[in-house]
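K.L.:
Pasting a structure below so you can have a look.
Each reported figure results from applying straightforward, stated rules to the coordinates on display, with no laboratory input. Treat the numbers as computed from the prediction; the structure is a model and nothing was measured. Neighbour counts are summed over all protein chains in view; Cβ atoms, including those assigned to glycine, are modelled from backbone coordinates with ideal geometry.
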Amino acid sequence: ARAAEAALAMRRQELAAARAALRPSSEDEGGELIDVIAPIDGVLLRRLRQSEGPVAQGAPLVEVGDPEEIEIVADLLSEDAVRISPGDPVIISDWGGPVLQGKVRQIEPFAFTKISALGIEEQRVNVVVDLLQGQPADRLGHGYRVDVAVQIWSQDNVLNIPITALFKQDRNWSVYRIENGRARLRQVTIGHLNGQEAEILLGLEEGDLLVEHPSSRIVDKVLVRAREAPQPTSEAQDGSEPAAVQLSATWDNTVGGCDFLIR
């Protein structure tokens, strides 16, 4: 509502400026002082003219803003922007203060090209975020940098695993589940996926122990054990079963809450 009122006040001021531009000038107005009224109440953010002198009609003089009406603009990849909807919750962090909460107000209908740090052309879309009422953001100002994460899906009682345990086998998502001291290859069906966790729909149960970061030495039915000390492993020389592959990380699969974010 406040944003709509501010936009209305600005449009009224633009209308007044346009009417003033249509008024014919007269010679006796040459030395007249004219009051320039800001379209909104606020504080001076930037002065565009540093000294007195003649200015063209409609030339910008200062930038005025309301510190109480801060909005955040995040440029997201276009393929991520299409998954976002107005009203989605937003987490704002890494600005120098506590984590803030917000919500998506608008996804702009056009994209622009931006060159990434790797020199790759990306299509970006501006997403406008409003802070929720009562957030301690009094020190957050115009032009400040923030980190924005938009929550697109959230669910409790979800079976999830780290993506470091997932890999593709014959075009199917698979994991190595530890059964009786051996790594067993299991195909799984995943649901939502983000940069850290994956939702498991089929193929695993709560409490299953998985191998994280499986190396090329991990194959189906190979003996495995948790790494306790840096001991070398090698093939047995007496014809017996080879020594177990030592694992640096395992994952005890659990059910819990799961949030999927776009950054």
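K.L.:
Relative contact order of the range 68-145: what whole-number percent is it, with Cα pairs under 8 angstrom and at least 6 residues apart?
P.N.:
Dividing the mean separation by the residue count of the range 68-145 yields 38 percent.
K.L.:
Which value in nm describes the separation of the simple spin-label points at residue 69 and residue 201, placed 7 Å from the Cα toward the beta carbon?
P.N.:
Rounded to a tenth, the inter-label distance reads 4.6 nm.
K.L.:
Using each residue's phi in the range 67-73, evaluate 6.51 cos²θ - 1.76 cosθ + 1.60 at θ = phi - 60° and report the 3J(HN,Hα) Karplus result to the nearest Hz, with x for Gly and Pro.
P.N.:
Taking θ as phi minus 60°, the curve returns x, 7, 10, 6, 10, 10, 10 Hz for the range 67-73.
K.L.:
Continuing with this model, one more query. For labels at residue 221 and residue 135 in the simple 7 Å Cα→Cβ model, what's the distance in nm?
P.N.:
Label at residue 221, label at residue 135, 5.6 nm between them.
K.L.:
In whole Å, what are the Cα extents of the range 68-145 along the three principal axes, biggest one first?
P.N.:
For the range 68-145, the Cα spread along each principal axis is 37, 26, 17 Å.
K.L.:
Under a straight-distance cross-link criterion of Cα-Cα below 28 Å, which lysines are reachable from residue 114, leaving out those fewer than 8 residues away in the same chain?
P.N.:
103
K.L.:
Could you pull out which residues in the range 178-206 have an amide N less than 16 Å from a spot 7 Å beyond the Cα of residue 172, following the Cα-Cβ vector?
P.N.:
184-191, 201-205
K.L.:
Do any GluC sites (Glu not before Pro) in the range 137-228 lie in a loop, going by DSSP, with at most 13 other beta-carbon atoms within 10 Å of their beta carbon, and if so which?
P.N.:
Answer by residue number: 205, 206, 228.
K.L.:
Grab the Cα-Cα distance for residue 78 and residue 116, subtract it from 0.36 nm times how many residues apart they are, and report the gain in nm with one decimal.
P.N.:
On the way: separation 38, 0.36 × 38 = 13.68 nm, distance 1.37 nm.
That pair, residue 78 and residue 116, stretches by 12.3 nm at full extension.
K.L.:
Using the Karplus curve 6.51 cos²θ - 1.76 cosθ + 1.60 with θ = phi - 60°, what ³J(HN,Hα) values do you get for each residue of the range 98-106, in whole Hz, with x for Gly and Pro?
P.N.:
Coupling constants for the range 98-106: x, 5, 10, 10, x, 8, 6, 9, 8 Hz.
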